[in-house]
Amino acid sequence: MEEIKTHSSMLLPRGRWESYRALHMFHRQSCQYDYFCKNFELHENLVSEEEENSLLEEVEDYLEDLDYEYDHWDNAIHGYRETEKSQWSVKSQAVLRRIRQVAFSSGEQQLSLVHVLDLAQDGYIKPHVDSVKFCGSTITGVSLLSTAIMRLAKQNNPEHWVNVVLKPRSLYVIRDVVRYQFTHEILKDSESSFRGQRLPRARRISIICRNEPS
Ligand SMILES: O=C(O)CCC(=O)C(=O)O
Ligand SMILES: [Fe+2]
Ligand SMILES: [Mn+2]
């Protein structure tokens, strides 16, 4: 049974952690793992429903020709198709600008290609740390279509993890110590529950921006 923690004891030094949707709701002072709260953000409703629909329409044009991939046993991601996109409609460019403004500081070297990842209803992402060869200190992604649970676990102590509910149209930002010292994963539909409550996961599309490795 998962433990339910109040705000002040959200991040426990031992055992399991579980946070509620918006980590940024928590007073930073009350977070025992101050570095976690400072380096993980969740922004709900960063994208409007209308913007979600137009982003979806635009990425579907690319995705619909691809098959979902399941075959690579050593891949972190199962049941997915993906693209890296550089050309965006004016509407989408405005959303991407907003995402980048929230996640990156001005002057930061960012990857211009945007990663679009379509996770099938039966797809999932195993715990991994993004390659330091291809990605810098910040990973940010907006979730579309379905709620999903992202688990972040201390790499050297996977017992210490936090589940975050990623609602459609929310943006997460993973930075620095959380980016390098925690794995991130997207739970399978069958494992998708939060505080004992089942949160079914359907097909989910994420739109991810990263900065350049230094
Ligand atoms: O779908 C997401 O939000 C995360 C994807 C991811 O972890 C990756 O592509 O490395
Ligand atoms: Fe990743
Ligand atoms: Mn492949």
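The values are calculated or read from the model by the stated rules, or taken from the named source; none is laboratory data. It should be emphasised that the depicted structure is a prediction, and the values quoted were computed from it without experimental measurement. When we count neighbours, we look across all protein chains shown, and the Cβ atoms used for this are built from the backbone with ideal geometry, even at glycine. Heavy atoms of the whole protein, side chains included, go into the accessibility calculation; ligands, DNA and RNA do not. Shrake-Rupley method; radii C 1.70, N 1.55, O 1.52, S 1.80 Å.
Structure notes:
- Within the range 61-89, residues that are in contact (Cβ under 8 Å) with a residue 12 or more places away in the chain sit with their Cβ atoms under 7 Å from residues that are among the hydrophobic types (A, V, I, L, M, F, W, C) and open to solvent by 30 Å² or more (accessible area, probe 1.4 Å), at 6+ positions apart or across chains, in these pairs: Arg81/Leu66; Glu84/Leu113; Lys85/Leu113; Ser86/Leu113.
- For Asn211, the conditions (1) closer than 26 Å to Val114 by Cβ; (2) open to solvent by 10 Å² or more (accessible area, probe 1.4 Å); (3) in contact with a Gly (Cβ under 8 Å, 6 or more places away or on another chain) are fulfilled apart from (2).
- Qualifying residue in the range 26-39 (condition: over 16 Å from Ser206 (Cβ atoms), within 16 Å of ligand 3 (Cβ to nearest atom) and without any contact (Cβ under 8 Å) to a residue 12 or more places away in the chain): no
- Residue in the range 78-95 that is nearest to ligand 2 (Cβ to nearest atom), counting only those that are out of contact with any His (no Cβ under 9 Å at 6 or more places or on another chain) and under 28 Å from Gln181 (Cβ atoms): Tyr80
- Leu199 open to solvent by 10 Å² or more (accessible area, probe 1.4 Å) and of a type in the set (A, V, I, L, M, F, W, C): yes
- Residues satisfying the stated conditions in the range 173-190, i.e. open to solvent by 20 Å² or more (accessible area, probe 1.4 Å), more than 15 Å from Phe36 (Cβ to Cβ) and not in a strand (DSSP E or B): Lys188, Asp189, Ser190
- Hey, Val90 away from ligand 3 (no atom under 16 Å from the Cβ) and within 13 Å of Val114 (Cα to Cα) or not: no
- Residue selected from the range 191-214 under the condition in a strand (DSSP E or B) and in contact with a helix residue (DSSP H, G or I) (Cβ under 7 Å, 6 or more places away or on another chain), by the criterion nearest to Gly79 (Cα to Cα): Ile205
- Residue in the range 132-143 that is more than 16 Å from ligand 3 (Cβ to nearest atom), among the charged types (D, E, K, R) and under 14 Å from the mean Cα position of the chain (by Cα) present: no
- Of Lys126, Lys154, all but one fail to be more than 16 Å from ligand 3 (Cβ to nearest atom), touching a strand residue (DSSP E or B) at 6+ places or on another chain (Cβ under 8 Å), farther than 21 Å from Lys85 by Cβ and of a type outside the set (S, T, N, Q); the exception is Lys154.
- Of the residues making up the range 150-171, those that are open to solvent by 10 Å² or more (accessible area, probe 1.4 Å) and either within 19 Å of Asn211 (Cβ to Cβ) or touching a helix residue (DSSP H, G or I) at 6+ places or on another chain (Cβ under 7 Å) (or both) are Lys154, Gln155, Pro168, Arg169.
- Which listed residue is surrounded by fewer than 16 Cβ atoms within 10 Å (Cβ to Cβ) and among the small types (Gly, Ala, Ser), from Ser92, Ser86: Ser86
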